[in-house]
Amino acid sequence: MVARETNPNFMNGVPELLILKLLQQDEMYGYEIVQAIRDRTGAVIAIGEGVVYPVLHGLERDGALRARRKTVNGRNRIYYSVTSRGKRRLADLSRNWVNLKNAIQAMLMGGQRGDAIP
Amino acid sequence: MATRFHELRERLLRAGVAPRHVRRYLGELTDHFADLTAEEQRAGGSLSEAQSAALARLGKTEDLAQALIEQSRFRSWCARAPWAMFGFGPLILLGAAYLVACLYLWCGWNFFLPGTDTPFGTLLAPTYSLANMYFQAGKFYYYSAPTLVGWTIGIVAARQRLKAIWPTLGLGLIAWMGATARIHASRTAVTGHGHIGMEFFLLGHSGPTLSQSLLSAFVLFALAMFPYLVWRLRGTFVGTLTLMRGLF
């Protein structure tokens with residue numbers, strides 16, 4: 001019998017997903033990441049700006065991100081970029097999120113396409 | 001900036017987060033705070049308004065602390081298993097320090113006293129000769145090893161804001177090990193090879209008496225405890241001073 005994964009928390013993994021997606025294109029430091037999330041989601045997703053760092057540190061520890069110090073305009077910052085393991089994790093998280101979104105959409109549509117729940 | 005996140009640092013360290021993770025987190029938060037302040041100032045706020053807005057955007061101290069604390073992998077080993085770190089760690093550390101002392105003695109014995117049966121009490125050399133200075137330095141290292149290891153334990157405990165019970169346990173073990181340590185060196189009659197050995201925790205015939213050991217242990221404990229005690233008293237003094245400032 002195949003074990004089914006559960007979704008204990010719908011928002012679980014969303015910060016990781018957004019961060020990995022952003023860093024897939026370019027390396028960034030914490031402040032840039034938070035600004036980019038706010039800009040690209042139209043400020044719909046606003047996370048406490050400071051709490052992004054534990055997420056970044058956790059991803060780095062898992063080997064999904066790589067961190068390096070870089071001096072730009074006299075400021076020494078820690079830039080993060082995605083590793084190949086991070087790319088695989090992004091693919092998994094994206095797939096899970098799309099499945100979840102489709103399932104919720106199906107529920108909202110009343111089980112049949114075009115029949116929205118009144 | 002150190003005082004701005006002082007409360008957060010104390011909260012994280014007392015929760016058992018490893019100091020290196022705390023340092024990095026606070027460093028990044030400090031940079032982020034500077035960026036937010038600059039952004040708010042560009043938007044037209046005064047410095048104090050910009051700093052208040054930046055702090056609010058960064059998040060509450062409790063939320064910032066909780067975000068790191070709930071990831072157990074950032075906890076230090078001293079917080080995860082203090083009984084192992086302060087029960088076995090000090091003994092292993094002092095054992096390693098004594099091993100270095102034995103190697104140092106063995107090298108000096110072979111180099112300066114190659115024909116003698118023991119390196120103890122047989123050196124007939126001027127006070128300022130290289131051989132005499134070599135052995136005196138070794139003796140100094142041997143006797144100061146428990147204190148130095150104790151200071152290391154005390155500093156580790158102070159950095160990680162651990163409960164006093166753990167460094168007290170570690171320092172007590174170090175003091176007892178140091179007080180009962182005995183070093184032996186002899187040359188075997190058959191092969192002629194020098195042999196250096198050590199023994200610990202033994203009392204009676206070959207070892208020191210109980211009263212001698214207790215006195216030595218007490219002196220070593222007091223010496224090893226000194227930096228940790230100073231740190232604890234300093235913390236109490238600063239806390240009282242802050243309280244008095246608040247009252248007056």
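Just so you know, all these numbers are worked out from the coordinates, no wet-lab data involved. What you see is a predicted model; the values in this text were computed from it and never measured. All Cβ positions, glycine included, derive from the backbone under ideal geometry; neighbour counts span all protein chains shown.
Worth pointing out:
- Amide H contacts of residue A:83 (H built 1.01 Å from N, under 5 Å, at least 5 apart or other chain): A:65, A:66
- With Cα atoms as the point set, chain B shows a radius of gyration and Dmax of 26.0, 90 Å.
- A cut-off under 13 angstrom between Cβ atoms defines the neighbours of residue A:94, and their net charge, with Lys, Arg +1 and Asp, Glu -1, is +4.
- Ordered by the count of other Cβ atoms within 10 Å of each Cβ, fewest first, B:220, A:17 give A:17, B:220.
- The coefficient of translational diffusion for region B:47-160, derived via Stokes-Einstein from the alpha carbon Kirkwood radius under 20 °C and 1.002 mPa s, stands at 114 µm²/s.
- Paired Rg and Dmax values of the protein assembly as shown, which use every Cα atom, in angstrom: 30.2, 104
- The simple spin-label model puts a point 7 Å past each Cα toward its Cβ; for residue B:236 and residue B:43 those points are separated by 4.7 nm.
- Across region A:12-118, the relative contact order, built from alpha-carbon pairs under 8 Å that are at least six residues apart, equals 26 percent.
- Residues in region B:162-171 carry Karplus couplings, in order, of 7, 5, 4, 4, 6, x, 5, 4, x, 5 Hz; the curve used is 6.51 cos²θ - 1.76 cosθ + 1.60 with θ = phi - 60°, and Gly or Pro positions show x.
- Global geometry of region B:131-197, whether rounded, prolate or oblate, following the gyration tensor of its Cα atoms and the 1.5 cut on a/c: prolate
- Region B:58-102: radius of gyration over Cα atoms, expressed as a fraction of 2.2 N^0.38 Å: 1.85
- Close amide H partners of residue B:201, meaning residues 5 or more places away or on another chain with modelled amide H under 5 Å apart, are B:180, B:181.
- Which of A:100, B:113 has the fewest Cβ neighbours within 10 Å, and the rest in rising order: A:100, B:113
- Relative to the current alpha-carbon distance between residue B:96 and residue B:80, full extension at 0.36 nm per residue lengthens the span by 3.4 nm.
- Förster radius 30 Å - calculated FRET efficiency between residue B:55 and residue A:24, Cβ distance, rounded to 0.05: 0.45
- Projection of the Cα convex hull of region A:14-108, averaged over all directions and equal to a quarter of that hull's surface, yields 6.7 nm².
- Close amide H contacts of residue B:187 (hydrogens built in the peptide plane, cut-off under 5 Å, sequence separation of 5 or more or a different chain): B:195.
- Spin-label pair residue B:182-residue B:209: with each label point 7 Å from Cα along the Cα-Cβ axis, the two points sit 1.4 nm from one another.
- Each of A:78, A:104 has some number of other Cβ atoms within 10 Å of its Cβ, and from fewest to most they run A:104, A:78.
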